[in-house]
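First comes the structure, then the notes that go with it.
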Amino acid sequence: MEIAEKKEHIRKIVRRARFEGKTIGFVPTMGYLHKGHVHLIERSREDGCFTVVSIFVNPLQFGPSEDFERYPRNVERDIEILKEASVDAVFIPSNEEMYHVQHLTEINVLKLSEKLEGAIRPGHFKGVCIVVAKLFNIIQPDRAYFGWKDAQQLIIIKKMVADLDFPVEIVPVPTVRDEDGLASSSRNIYLSSEERKKALILSKTLHKLKEMVELDKISDTKILIAEAKKMISSENVVIQYIEAVSLETFEPVSRIEKNTGILVAIKAGDVRLIDNVIWD
Ligand code: PAF
């Protein structure tokens with residue numbers, strides 16, 4: 001596995017792979033890798049891609065009171081995981097390498113970025129879009145792999161790619177869960193064992209909603225949201241939002257049908273967790 005810290009280096013590696021006729025698959029990450037990331041890498045490898053991973057904790061997507069400083073980092077461990085997963089190249093830029101000059105450019109996917117996560121984390125998606133756009137320009141992948149766990153991020157990136165004609169295919173990959181059902185996330189490390197037990201109500205609730213829709217044929221979102229609120233409130237966690245929305249506009253929907261989802265954010269102690277169930 002080749003390791004590049006400079007843009008020129010990773011470009012050279014990718015140019016060579018492309019010259020050899022390979023398709024470039026890209027998995028952007030903020031490191032502290034878990035099995036969700038490994039699943040994205042596996043998808044890229046199954047597609048026969050020369051697989052490039054980036055590790056960069058992007059300061060622009062964290063609000064002033066968020067966890068940028070304490071975001072978990074362990075590059076040595078990440079490199080071992082990437083080697084094990086047979087990744088071809090990893091790009092690990094410094095902050096200076098990514099943001100060497102003062103940035104005056106913004107990318108704002110209007111409307112979609114203002115709702116749900118965007119309402120709670122103003123500016124978050126602008127930060128995500130700028131770093132992903134830069135990484136796409138640096139690496140120039142043919143395909144980029146994103147998890148459904150961050151459903152809003154995935155849809156906003158897809159829209160950015162369509163609006164700005166990036167020549168990259170966005171490949172959505174299902175959420176990976178830990179053995180207890182919690183969606184895999186780097187931030188799960190913040191949970192105490194007590195908080196983790198409480199947080200499990202999130203995946204249990206989403207599982208129940210899926211059953212209500214698919215087995216009991218209940219599609220009225222009022223009924224589904226009421227049931228979700230009742231279940232989640234049985235644990236001592238705070239619901240930040242729970243909404244049934246269109247996966248195109250994030251506008252609320254009254255019935256579950258194709259291309260809709262129920263997106264949830266809770267706080268267990270100080271730890272924010274997001275998860276969803278989608279019908280795509
Ligand atoms: O999902 C993430 O880990 C980040 O938002 C991403 C896409 C790597 C951009 O920093």
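Between ARG77 and LYS208, what FRET efficiency comes out of the Förster formula 1/(1 + (r/R0)^6) with R0 = 51 Å and r the beta carbon distance, rounded to 0.05? With a Förster radius of 51 Å, E is 0.90.
Each of the peptides 145-158, 223-236 was scored by the mean count of other Cβ atoms within 10 Å over its residues; in descending order, highest first, they stand as 145-158, 223-236. For segment 135-280, the square roots of the Cα gyration tensor eigenvalues, ordered a ≥ b ≥ c, give a/c of at least 1.5 with a/b no greater than b/c, which places it in the oblate category.
If you plug the beta carbon distance of ASN236 and GLU97 into 1/(1 + (r/R0)^6) with R0 = 30 Å, you get a FRET efficiency near 0.10. Remark: for residue pairs LYS149/LYS222; LYS134/LYS267; LYS83/LYS115, the C-alpha separation exceeds 29 Å in LYS134/LYS267; LYS83/LYS115. The relative contact order of the chain comes to 17 percent, based on Cα pairs under 8 Å that sit 6 or more residues apart.
Between ASP216 and GLU194, residue separation times 0.36 nm minus the direct Cα-Cα distance comes to 4.7 nm.
Simple spin-label estimate for LYS35 and GLU66 gives 2.7 nm between the two label positions (7 Å along the Cα-to-Cβ direction from each Cα). Over all other residues within a Cβ to Cβ distance under 15 Å of ALA85, the charged ones net out to -3, with Lys and Arg as +1 and Asp and Glu as -1. According to the square roots a ≥ b ≥ c of the eigenvalues of the Cα gyration tensor, what is the shape class of the chain, taking rounded for a/c under 1.5, prolate for a/b larger than b/c otherwise, and oblate for the remainder? Here the chain falls in the prolate category. The modelled label-to-label distance for the pair ASP178/LYS258, using points 7 Å beyond Cα in the direction of Cβ, is 3.6 nm. Going by Cα centres, segment 39-79 and segment 211-232 are how many Å apart? About 34 Å separates the Cα centre of segment 39-79 from the one of segment 211-232.
Restricting to DSSP loop positions (anything but H, G, I, E, B) with no more than 16 other Cβ atoms inside 10 Å of their own Cβ, which GluC sites (Glu not before Pro) remain in segment 77-164? Taking segment 77-164 and a limit of 16 other Cβ atoms within 10 Å, the loop GluC sites (Glu not before Pro) found are GLU106, GLU114. Extending 7 Å from Cα along the Cβ direction at ASP163 and again at LYS111 yields two label points whose distance is 1.0 nm.
No lab work stands behind these numbers, since they all come straight from the coordinates. None of the values given here were measured: they were computed from a predicted structure. Here the Cβ is made from the backbone with ideal geometry for all residues, glycine too, and neighbour counts use every protein chain on show.
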